[in-house]
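Student: Structure below; questions to follow.
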Amino acid sequence: IKTAGTIFPSSRFLCRRMIKNIDFDTVKVIVEFGPGNGIFTKEILKKIQPHTTLITFEVNDKFFESLEKIKHSQLIIEKVSAEEVTPILQKHGFEKTDCVVSSLPFTNIPKEISDRILNNAYDALIDDGLFVQFQYSLTYYKKLKKVFKDKVKLSFELFNIPPAFVYIAKK
């Protein structure tokens, strides 16, 4: 399985667009799927409040090692598939997550695994929880609309290489 979606890191503009709908004053748990080298992770950590925990899921060895260099007391780095979101939340004493920020390259992941990740993410979210995902095409839009029962908004970030679509879904 190809675990990286692009050779270019995400731009600061895409970072801002990805996290701008998160209510950092109220969220208790944020989950990040596929943090890569931690560009979004670092932005989230700058904004989270003392009562918030960020749990990242990264299976790529190289990316996992670069994430381990980020020293932050509210950051938990797990080297497991995003499919395991609920058991990992429970392992750390949480029932649900307020928000999932995903950079997973769903189009590179086998359908049965990506379906499981998406369904498990939906189940792990609190009611009104947020699922934010970026992709370089619209191929995943229908799938997200099906899982999130049409509660999906779409935006576009031109200032990124390549330009990216941002899906904002609400449970």
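The values are calculated or read from the model by the stated rules, or taken from the named source; none is laboratory data. Values in this document were obtained by computation on a predicted structure and should not be read as measured data. Positions of Cβ are backbone-derived with ideal geometry, glycine not excepted, and every protein chain shown enters the neighbour counts. Surface accessibility is based on the protein's heavy atoms, side chains included, excluding ligands, DNA and RNA. Shrake-Rupley method; radii C 1.70, N 1.55, O 1.52, S 1.80 Å.
Student: Test Phe13 against the stated conditions and say whether it is closer than 24 Å to Ile161 by Cβ, open to solvent by 30 Å² or more (accessible area, probe 1.4 Å) and in contact with a strand residue (DSSP E or B) (Cβ under 9 Å, 6 or more places away or on another chain).
Tutor: On the way: closer than 24 Å to Ile161 by Cβ: yes; open to solvent by 30 Å² or more (accessible area, probe 1.4 Å): yes; in contact with a strand residue (DSSP E or B) (Cβ under 9 Å, 6 or more places away or on another chain): yes.
For Phe13, the condition - closer than 24 Å to Ile161 by Cβ, open to solvent by 30 Å² or more (accessible area, probe 1.4 Å) and in contact with a strand residue (DSSP E or B) (Cβ under 9 Å, 6 or more places away or on another chain) - is met.
Student: Mind listing whichever residues of the stretch 140-171 are open to solvent by 70 Å² or more (accessible area, probe 1.4 Å) and among the hydrophobic types (A, V, I, L, M, F, W, C)?
Tutor: Going through the stretch 140-171, the residues open to solvent by 70 Å² or more (accessible area, probe 1.4 Å) turn out to be 142, 146, 149-151, 153-154, 156, 158-159, 161, 170.
Within the stretch 140-171, Leu154, Phe156, Leu158, Phe159, Ile161 meet the criteria.
Student: Which number in (1) more than 15 Å from Phe131 (Cβ to Cβ); (2) of a type outside the set (Phe, Trp, Tyr); (3) open to solvent by 60 Å² or more (accessible area, probe 1.4 Å); (4) touching a Cys at 6+ places or on another chain (Cβ under 9 Å) marks the one condition that Glu43 misses?
Tutor: Among (1) more than 15 Å from Phe131 (Cβ to Cβ); (2) of a type outside the set (Phe, Trp, Tyr); (3) open to solvent by 60 Å² or more (accessible area, probe 1.4 Å); (4) touching a Cys at 6+ places or on another chain (Cβ under 9 Å), Glu43 violates only (3).
Student: Something else about it: For the stretch 120-134, which residues satisfy the criterion of being assigned to a helix (DSSP H, G or I) and open to solvent by 20 Å² or more (accessible area, probe 1.4 Å)?
Tutor: From the stretch 120-134, those assigned to a helix (DSSP H, G or I) are 120-124; that's our starting set.
Within the stretch 120-134, Asn120, Tyr122, Asp123 qualify.
Student: May I ask you to list the residues in the stretch 90-106 that are surrounded by fewer than 19 Cβ atoms within 10 Å (Cβ to Cβ) and in contact with a strand residue (DSSP E or B) (Cβ under 7 Å, 6 or more places away or on another chain)?
Tutor: Matches in the stretch 90-106: His92, Phe94, Lys96.
Student: For the stretch 58-89, name all the residues that are part of a loop (DSSP other than H, G, I, E, B), more than 22 Å from Phe24 (Cα to Cα) and either open to solvent by 70 Å² or more (accessible area, probe 1.4 Å) or in contact (Cβ under 8 Å) with a residue 40 or more places away in the chain (or both). Step through it out loud before you land on a result.
Tutor: Here is the first cut: in the stretch 58-89, the ones part of a loop (DSSP other than H, G, I, E, B) are 58-60, 69-74, 79-81.
Right, trim to more than 22 Å from Phe24 (Cα to Cα) and you get 58-60, 69, 79-81.
Once the filter is applied, which keeps residues that are part of a loop (DSSP other than H, G, I, E, B), more than 22 Å from Phe24 (Cα to Cα) and either open to solvent by 70 Å² or more (accessible area, probe 1.4 Å) or in contact (Cβ under 8 Å) with a residue 40 or more places away in the chain (or both), the stretch 58-89 yields Val59, Asn60, Lys69, Lys79.
Student: Please pick out the residue among Ser114, Ser137 that is over 16 Å from the mean Cα position of the chain (by Cα) and either under 21 Å from Ala164 (Cα atoms) or open to solvent by less than 50 Å² (accessible area, probe 1.4 Å) (or both).
Tutor: On the way: Ser114 fails: over 16 Å from the mean Cα position of the chain (by Cα).
Result of the check over Ser114, Ser137: Ser137.
Student: Name every residue in the stretch 15-53 that is closer than 18 Å to Pro105 by Cα and part of a loop (DSSP other than H, G, I, E, B), in order of residue number.
Tutor: Selection gives Gly34, Pro35, Gly36, Asn37, Gly38.
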